[in-house]
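Please treat every number below as a calculation from the coordinates, not as lab data. Note that the coordinates shown come from a computational prediction; the quantities given were computed from them, not determined experimentally. Neighbour counts are summed over all protein chains in view; Cβ atoms, including those assigned to glycine, are modelled from backbone coordinates with ideal geometry.
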Amino acid sequence: MWDALITLGNLVFIPGLLAIALNKRSYIPRLSSGISLIGVSTVIVGLVGAGLVFSPIVVAVIGLLWVYIYLYRGHSAAD
């Protein structure tokens, strides 16, 4: 039950991150996205350590979106 609740809660983040990732004019400073990526990685380890299955997968997708944002949205479109 907790795994499903955490999974549903984390699914809320994906549309917002997709909007940032798909908009070429979006800019998130690399420091901010890097810190978010470290936080997401820590959450994944905690969820796996708690024995949950689906929520770490969803959080890993969120982590991959943050990696993409870090790599491709870490500099302004004017650069």
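Annotations for the structure displayed:
- The residues listed here are 50, 4; of these, the one that is free of Cβ contacts under 8 Å to residues at least 40 places away in the same chain and either in contact with a Cys (Cβ under 6 Å, 6 or more places away or on another chain) or aliphatic (A, V, I, L, M) (or both) is 50.
- Within segment 25-53, the set of residues being among the charged types (D, E, K, R) and more than 10 Å from residue 69 (Cα to Cα) comprises just one member, 25.
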